[in-house]
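Below is one structure, written out as structure tokens, with a few remarks after it.
Throughout, read-outs are computed from the coordinates displayed, never taken from laboratory work. Values in this document were obtained by computation on a predicted structure and should not be read as measured data. Ideal geometry is used to build each Cβ from the backbone, glycine not excepted, and the neighbour counts take in all protein chains shown.
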Amino acid sequence: MVRKFGILFLVATVLLGCVPAKQARKDEPQPNPQAGPVVLDALAKRQMQSRIFDTPDEKMVLTAASATLQDIGFNLDESCSELGLITCSKNTDVENGKKIANNIGVTLLWTLASVALTGGHAAIVRTDLPGTVALDKVQKVRASLVSSPVGEKADRIMVRLIVQRVVVDNNNEISTAETITDPQIYQQFFDKLAQSLFLEAHGV
């Protein structure tokens, strides 16, 4: 009996140690959305997501943007040149190395607890017990592009690209939904788009 309670105490201690730090500190002050730095971050993101091209031909820009998005792996979902809008998406697998390791560890601990309670007899391993880690399964990346003429003579076209990702786990629940803010992703797109427009303008 003492041995059983010793194993259960060990399991409970380890499981409590697995609680994320953010959950253990719910009283931690949250950032104020009205604060100055957040507004500056939003402005920086908008600048990162936008480029202005020296051409009045919005249709040509949208055609080149659509081709560029497809070149980097996106599937075209919707395109409307009258509204200056393109939406596209792609699905990718998600790597779960760390989560898989945590899941195996938690399952093993529950198995030890079950064995202790049943006096060492075979126990049924369950995956729906508290502490079981849901594994991210599919990541859907969605890109939305809008264009609009700018300037006093509307002789330039501004393009803004917003890339978002939604991750669905093996329980078909959304585990992550966020806007991607990696500057390299936007830089890569706009560099390719600029090159495409240059070649198009020169008939190459």
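Values computed for the structure shown
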quantity	calculated
ASP77-GLU152 FRET efficiency (beta carbon distance; Förster radius 25 Å; 0.05 resolution)	0.15
Gain on full stretching of the segment that runs from VAL138 to ALA201 - 0.36 nm per residue minus C-alpha separation	18.8 nm
